[in-house]
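Q: Before I ask anything, here is the structure I am working with.
Please treat every number below as a calculation from the coordinates, not as lab data. The structure displayed is predicted, hence computed values, not measured ones. Note that each Cβ is placed from the backbone with ideal geometry, even for glycine, and that neighbours are counted across all protein chains shown.
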Amino acid sequence: MSLLIRNGEIVTADSRYRADIFVEDETITRIGGGLEAGPDTEVIDATGKYVFPGFIDPHVHIYLPFMATYAKDTQQSASIAALAGGTTTWIEMCCPSRLDDALAGYQLWKSKAEGNSACDYTFHMSVTKFDDQREGQLREIVADGIGSFKIFLAYKNFFGVDDGEMYQTLALARKLGVIVTAHCENAELVSQLQRELIAQGKTGPEWHEPSRPEAVEAEGTHRFATFLEATGAAGYIVHLSCEPALRMATRAKERGTRLWIESVMPHFILDKTHAERPGVEGMKHVMSPPLRDKRNHKVLWDALAAGLIDTVGTDHCPFDTSQKLLGKDAFTQIPNGIPGIEERVNLLYTYGVKRGNLNIHRFVDAASTKPAKLFGLFPRKGTIAVGSDADLVVYDPDYKGVISAATQHVNNDYNGFEGMEIDGRPSLVTVRGKVQVRDGAFVGDRRHGRFLRRDPSHFQ
Ligand code: URP
Ligand code: ZN
Ligand code: ZN
């Protein structure tokens, strides 16, 4: 089976040109002008459209036992949503808790995805405790093709590690050539501030942000960077949300620390007033780090445009209205998370490229190429080149729509971006040569997704 995409404008992280793309089986085999179709070739006319490399979401939660409940999606529902939005590969956070066995957790997460995903996938392996037994298990997991760890400085007594465990994790990662991703908030400060606010009767979702102010994130960011410097490990800050944390991270970058930065879509376009809405409307917008003061939007867009922020993910983590209401008496019990896997690319294109905040090449870089490079998937993923996987997004820049829970594929009863306009969407999406989406509708194979083994010594 072959596929010929004709007359599109190919846009990668560093090039833009008109050409045809020929795909045989799972791979791009030719790029050029006037390519001929074979007898069994499906021809797709991409006139007036961009052709982007398949987008990669470097930060999603699909299976997640968390805050007394489970995130709502399955690999099936989330992967179909991802593909409808142009994401062809994701990296899921594998998150066994501190009390769970790490290897059993890894096998559980992998089994949830195997044969159940429509898009390709791999994992960041969370290290939620460090001891000799875990070290042996982590070595086994890395040998299975996992090239990145995840640590949480927040979520005390559940996912969170102490400073000693952070040091040990980074030292092991350095030896193995594994990059360590980190949620940077000071767990102790969060816990003290939460206690004080609740004691004062401040129980609504509007108090979530004051319980984890910007300084709490800046402290975690600075501490993580300091530990990276001390160990020589490579690090990646997830969901950086505000100017003080950015300052800490960019200073560390300037000192030569091997550090990369991710921000996630909600922090570019939503702000803390969303969580200040009364009742469950506010709860729907509780995530950590919290939605911030609006002044941070321009700071994040500018840093992204300048390449100081390297990638844009989602931190996709859906909880429905009834789950959010677990926190009706205390904001500390609201399951943290905002879904966004379906919307990320269209929102980044609309509010970044179309609104003049982001160059189109940086858009492709931040949402596809950089995640592929950092996490050992490049050049198989993250670009359009002969020999790369045929993960392609034919993108219609003239489409106009409005985001709504009524039309989403994600398994949830609300959408955190409800009512926002989008100026563009994928008209066709392929994963390794298979057409999975046409005109916004999933038309493909629900089990086509494959686990991606990665080079474990990527960061030696
Ligand atoms: O609020 C969030 N971010 N929920 C998911 C867990 C995490 O911290 O990434
Ligand atoms: Zn996090
Ligand atoms: Zn997360």
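Q: Could you give the Stokes-Einstein D for the stretch 55-379 in µm² per second, using the C-alpha Kirkwood radius, 4 °C, 1.567 mPa s?
A: After rounding, the answer is 66 µm²/s.
Q: What's the exposure ranking of 6, 362, going from fewest to most Cβ atoms within 10 Å?
A: 6, 362
Q: Let me ask another. Return the whole-Å distance between the Cα centroid of the stretch 170-227 and the Cα centroid of the stretch 40-85.
A: 29
Q: What does the charge count around residue 360 come to, taking other residues whose C-beta lies under 12 Å from its C-beta (Lys +1, Arg +1, Asp -1, Glu -1)?
A: Taking every other residue near residue 360 into account, the sum is 0.
Q: As a test, work out the antiparallel percent of DSSP beta bridges whose residues both lie in the stretch 55-379, rounded to the nearest 5.
A: Counting DSSP beta bridges with both partners in the stretch 55-379, the antiparallel share is about 5 percent.
Q: Same structure, new question: Hey, can you rank 226-233, 82-89, 331-338 by average C-beta count inside 10 Å, highest first?
A: Put in order of decreasing packing, that is 82-89, 331-338, 226-233.
Q: Quick check for you: which residues of the stretch 426-460 have the amide N under 16 Å from the point 7 Å beyond the Cα of residue 40 toward its beta carbon?
A: Inside the label zone: 433-435.
Q: Could you calculate the FRET efficiency of residue 30 with residue 273 from 1/(1 + (r/R0)^6), where r is the beta carbon distance between them and R0 is 56 Å, rounded to 0.05?
A: 0.65
Q: Which order, highest average first, do 435-444, 92-101 follow once you tally other Cβ atoms within 10 Å for each residue and take the mean per peptide?
A: 92-101, 435-444
Q: What does the extension gain come out to for residue 188 and residue 135, with contour length at 0.36 nm per residue minus their alpha carbon separation?
A: Fully extending the segment from residue 188 to residue 135 adds 16.5 nm.
Q: Same structure, new question: Tell me the Kirkwood radius of the stretch 176-243: reciprocal of the mean inverse pair distance over distinct alpha-carbon atoms, in Å.
A: 13.3
Q: Within a Cβ distance under 14 Å of residue 132, other residues only, what is the Lys/Arg minus Asp/Glu net charge?
A: It works out to a net charge of -2.
Q: Just to confirm my numbers, what's the Cα centroid distance between the stretch 261-305 and the stretch 138-165 in Å?
A: Using only Cα atoms, the two centres lie 26 Å from each other.
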